[in-house]
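The values are calculated or read from the model by the stated rules, or taken from the named source; none is laboratory data. In this text, all values refer to a predicted model and were calculated from it rather than measured experimentally. With ideal geometry, Cβ positions are generated from the backbone for all residues, glycine too; neighbour counts draw on all protein chains shown.
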Amino acid sequence: MIRHAVVLAAGRGTRMGVLTRDTAKPLLEVAGVSLLERVLSGLRDAGIEHAAVVTGYRAEQVEEAALAMPAPALTFVRQDEPRGTAHAIGLARNAIGDASFFFGWADIVVAPTDYARVVAEADHDAVLGVNHVDDPTEGAAVYFDEGGRVQRIIEKPPPGTSTTTWNNAGLGVLGPAIWPHLDAVEPSARGELELADALMTLLAAGGDVVARPIEGPWFDVGTPNRLSEANATLWGAG
């Protein structure tokens, strides 16, 4: 059973403009509940007992707010400079140990039941929640066979180049086999240490990586328009 989680909540949220001038993006609200609280409460309800929250921009603000949320037991790890998702997850290793763990972004909104669905997958080296999009250029294109076995992952592919509409949904499970691959990953063309690259080397080493479609609504809340859309679509808020 998955008991631990790593939640990535360090980003500056520059595309949010003035909304994140004084407020960390994970604390922006959908229908009166912050993005981070939606993640942490969903994980608690899915049986997660401990979450390591990786903070960065306005870290103290995020940490203080998180301690007042309905959440699993919390540990905070700070990413002092944005070096990528592989780096952020790697910072949580001491807090997680050698157990398999849930991972997810704090600005991804999914149905609460999707946390339980993903957490139930404990028998693989890695599990990626995936969702359909028109073009996965803003996320990561995930290619997998009929049995769900992942074949390759392309982080932020150029627009129109993907032959799949499956996107990394921003939540999943990683086993302890991922740690050496996180340690060895090299900076991408974007200059960041990418989780997708670590997963590709895990695949190349014979790792068992599977994709599992999530069910229900999905929002990557990266812009004011998407925040408004999440409000209007999911909870009927303005």
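For the stretch 5-51: of the residues being at pLDDT 95 or above and of a type in the set (Ser, Thr, Tyr), which is farthest from Gln79 (Cα to Cα)?
My answer is Ser41.
Here's the yes/no breakdown for (1) at pLDDT 95 or above; (2) among the hydroxyl-bearing types (Ser, Thr, Tyr):
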position: Gly97; (1), (2): no, no
position: Ile108; (1), (2): yes, no
position: Ala116; (1), (2): no, no
position: Gly129; (1), (2): yes, no
position: Tyr143; (1), (2): yes, yes
position: Thr161; (1), (2): yes, yes
position: Gly170; (1), (2): yes, no
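Quick grid of which residues meet (1) under 21 Å from Gly84 (Cα atoms); (2) touching a residue at least 12 places away in the same chain (Cβ under 8 Å); (3) of a type outside the set (A, V, I, L, M); (4) surrounded by 15 or more Cβ atoms within 10 Å (Cβ to Cβ):
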residue	(1), (2), (3), (4)
Leu174	yes, yes, no, yes
Ile178	yes, yes, no, yes
Ala196	yes, yes, no, yes
Asp208	no, yes, yes, yes
Gly222	yes, yes, yes, yes
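Please enumerate the residues belonging to the stretch 163-172 that are more than 15 Å from the chain's Cα centre (by Cα) and either under 16 Å from Phe102 (Cβ atoms) or buried (at least 21 other Cβ atoms within 10 Å of the Cβ) (or both).
If the condition is that a residue be more than 15 Å from the chain's Cα centre (by Cα) and either under 16 Å from Phe102 (Cβ atoms) or buried (at least 21 other Cβ atoms within 10 Å of the Cβ) (or both), then Trp166 is the only one that fits.
For the stretch 210-220, how many residues meet the condition of being of a type in the set (D, E, K, R) and exposed (fewer than 14 other Cβ atoms within 10 Å of the Cβ)?
Total satisfying the criteria: 1.
Pairs only if they're at least six apart or on different chains, beta carbon under 9 angstrom, first in the stretch 72-86 and under 14 Å from Glu155 (Cβ atoms), second modelled with pLDDT of 95 or more and part of a strand (DSSP E or B); list them, first residue then second.
Every condition considered, the pairs that remain are Thr85/Leu8; Thr85/Phe103; Thr85/Trp105.
Among the strands (runs of 3 or more DSSP E) lying completely within the stretch 1-102, list those that include at least 2 residues that are crowded, with 21+ Cβ neighbours inside 10 Å.
Result: 4-9, 50-55.
Do you know which of the residues in the stretch 180-194 that are assigned to a helix (DSSP H, G or I) and of a type in the set (A, V, I, L, M) is surrounded by the fewest Cβ atoms within 10 Å (Cβ to Cβ)?
Result: Ala184.
Would it be correct to say that Asp107 is more than 14 Å from Leu174 (Cβ to Cβ), touching a residue at least 60 places away in the same chain (Cβ under 8 Å) and of a type in the set (D, E, K, R)?
yes
Can you tell me which residue among Val150, Val133 is touching a residue at least 24 places away in the same chain (Cβ under 8 Å), over 21 Å from Phe102 (Cβ atoms) and among the aliphatic types (A, V, I, L, M)?
When all the criteria are applied, what remains is Val133.
Exactly one of (1) under 27 Å from Ala46 (Cα atoms); (2) modelled with pLDDT of 95 or more; (3) not basic (Lys, Arg) is unmet by Thr201. Its number?
(1) is the only condition that Thr201 fails.
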